[in-house]
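The numbers here are math on the coordinates, done by the rules we state, and not lab data. The structure presented is a predicted model; accordingly, all values stated were derived computationally and were not measured. Reconstructed Cβ throughout: ideal geometry from the backbone, glycine too, with neighbour counts over all protein chains shown.
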Amino acid sequence: MINFSKLFYLKFWFNAYPGAMSKPFLLFFIVMTIVFSLLAIVSYFFNKKRSIYQKTWNSFFQLCFFSVVYNIFWIFFVWQTIPVLSSRFWFAIWLLIIIIWFVFIFRQIFIKIPQRKKILEQKNKIKKYLP
């Protein structure tokens with residue numbers, strides 16, 4: 001059974017020698033790496049299409065690609081029990097980066113794309129009357 005009370009102690013997060021990773025946690029990271037790699041492939045192909053959503057797909061592709069590379073390195077460092085590089089605070093940093101990146105992607109989807117659509121509609125209205 002996992003003891004979640006350890007998560008509230010700084011010693012748990014900043015321990016230079018965290019020890020071996022438990023198998024469920026390692027499996028979770030391997031699955032996340034596979035999911036992010038599949039999402040990166042899908043977003044790469046959507047990124048090739050010229051549309052109003054191209055920047056959003058590009059941001060999502062970069063997020064997925066970053067996560068795949070980051071996870072591969074972190075799994076390797078944990079597997080080899082390399083001090084400091086296998087510390088748990090790298091997981092917290094990765095999670096923080098993912099959250100910030102998703103905030104920017106959602107900002108782009110819900111704020112910037114509707115603005116671009118309005119501008120395109122206005123341009124198309126004006127083009128309709130031009131020869």
- Query: Do the conditions hold for LYS23, that is, is it within 30 Å of PRO114 (Cβ to Cβ) and free of Cβ contacts under 8 Å to residues at least 60 places away in the same chain?
  - Reply: no
- Residues ILE34, ILE41: which one is closer than 27 Å to LYS112 by Cα and of a type in the set (A, V, I, L, M, F, W, C)? ILE41
- Item | Flag for LEU63 being in contact with a Cys (Cβ under 7 Å, 6 or more places away or on another chain) and crowded, with 16+ Cβ neighbours inside 10 Å | no
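Here is a yes/no grid of residues against (1) more than 21 Å from the chain's Cα centre (by Cα); (2) under 24 Å from ILE2 (Cβ atoms):
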residue	(1), (2)
LYS23	yes, yes
SER59	no, no
PHE77	no, yes
TRP90	no, yes
- Message: Could you tell me how many of the residues in region 79-131 are free of Cβ contacts under 8 Å to residues at least 60 places away in the same chain and assigned to a helix (DSSP H, G or I)?
- Response: 36
- Task: Inspect region 12-35 for any residue being surrounded by fewer than 17 Cβ atoms within 10 Å (Cβ to Cβ), farther than 30 Å from GLU121 by Cα and basic (Lys, Arg) and give the result as yes or no.
- Result: yes
